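Notes to accompany the following structure.
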Amino acid sequence: MSEHTDDLPQDLNLDFDLSPATALPGGAVAEEGALLEKKRKLSLFSRIPVTLTLEVASVEISLAELMAVNNESIVELDKMAGEPLDIKVNGILFGKAEVVVVNDKYGLRIIEFNNKELGELVL
C-alpha cells in the first residue's frame, strides 16, 4: 500500500443515481442525457486497476517448519480437494470459483459472488 493513501478521503461516496431519467418541464424526457452521464460515471471505474487472485488454500506454520521444507516436503493445506477456490479482489474475498482450462490456459468458472459494496474493495 502506498504511503500516500492517508491523503485520500476515507468516506468515498460511490453511490450513483442510476435510476431512469426524469421528465423535464414541458413533458420532455432527459433519457439521452441521463444515459450519457451514467456511462461517463461508470467509465471512471473501468480504468481503475485491481488485482484478482485465485486462492487455493492456506496454512499457518511456524518459521522452523518452513525452514525445514525441502524438495520432497508436503505441506497439508486447510481446504478439502474439490472445494471451490476463493476469488479475492485486492485481497478481499469477492467470491468462489473453480478452475477450468480454456484454449490451453487456466480460467475461472465463477460459482458465486459476495455482495460487497464497491467501496469495500478499495484498500
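Quick notes on this one:
- With R₀ fixed at 25 Å, the C-beta to C-beta distance from residue 79 to residue 42 puts the FRET efficiency at about 0.10.
- Over 22 Å [Cα-Cα, the stretch 50-123], rounded percent: 41
- Extension gain, residue 32 to residue 57, is 4.2 nm, computed as 0.36 nm per intervening residue step minus the present C-alpha separation.
Since every read-out is calculated from the coordinates, none of them should be taken as a lab result. Computed from a predicted model, the values in this text were never measured in an experiment. So basically every Cβ, Gly included, is an ideal-geometry build from the backbone, and we count neighbours across all protein chains shown.
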